[in-house]
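Okay, so here's the structure we're looking at.
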Amino acid sequence: MFPSLRLAFLVVPEVLVDAFTAARAATDGHAPPLTQAAMARFMESGHYAAHLRQMRLVYAERRDALLDSLKREAPGVLRIGTAEAGMHVTAFLAEGLQDEAVIARTDARRLGARRLSPLYLGRKREQGLVLGFSGASPAGLRAAVRTLCGVLDGPNR
């Protein structure tokens, strides 16, 4: 629901349950029983499923606003990765652009993008950005894309 609850759940294969339980105990112990009970009741009542359905619609609208803006505003500079699930979009930079330099400029404008290249294992590291969309409105995302395009078109590309 939100980080301050400090509740989470995972669906893992049966053979991994003990390992994940041990890891949880070693890192954080457990959540307060009252919080767990309240969340269990929230889930059992169907409110959690309804919340998920609503949030899927909200996040889909935000994702679509980001993707549409990127396709319209940044053709030739960014190649968009698949964005069928999750709350982030990968945007691969055009040849010659380095994500480290781009991020230095986006950070100055408080865009909140992250570098893609450090997330790769091995030698070949694509240059790109990881763009989150869950915490912004569609209008805010469109404005952020315009700012990002200004960064990408700016001096010292």
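The values are calculated or read from the model by the stated rules, or taken from the named source; none is laboratory data. Quantities reported herein were computed from a predicted structural model and do not represent experimental measurements. Counting neighbours? That spans all protein chains shown, and the Cβs are built from the backbone with ideal geometry, glycine included.
Assorted remarks:
- Failed item in (1) of a type outside the set (D, E, K, R); (2) in contact with a helix residue (DSSP H, G or I) (Cβ under 9 Å, 6 or more places away or on another chain); (3) at pLDDT 90 or above; (4) over 30 Å from PHE2 (Cα atoms), with VAL77 passing the rest: (3)
- Subset of the range 82-93 [modelled with pLDDT of 90 or more and either surrounded by 15 or more Cβ atoms within 10 Å (Cβ to Cβ) or among the polar types (S, T, N, Q) (or both)]: HIS88, VAL89, THR90, ALA91, PHE92, LEU93
- Meets criteria (within 19 Å of the chain's Cα centre (by Cα), at pLDDT 95 or above, surrounded by fewer than 18 Cβ atoms within 10 Å (Cβ to Cβ) and over 15 Å from GLY81 (Cα atoms)) for PRO138: yes
- Qualifying residue in the range 52-66 (condition: more than 30 Å from CYS149 (Cβ to Cβ) and in contact (Cβ under 8 Å) with a residue 24 or more places away in the chain): no
- Pairs with Cβ under 6 Å, 6+ apart, first in the range 107-136 and among the β-branched types (Val, Ile, Thr), second surrounded by 12 or more Cβ atoms within 10 Å (Cβ to Cβ) and not in a strand (DSSP E or B): VAL130/LEU116
- Taking the criterion of being within 30 Å of ALA136 (Cβ to Cβ) and either touching a helix residue (DSSP H, G or I) at 6+ places or on another chain (Cβ under 8 Å) or acidic (Asp, Glu) (or both), the residues of the range 6-42 that qualify are ARG6, LEU7, LEU10, ASP28, ALA31, THR35, MET39, PHE42.
- Residue within the range 104-115 that is farther than 28 Å from ASP153 by Cβ and buried (at least 16 other Cβ atoms within 10 Å of the Cβ) present: no
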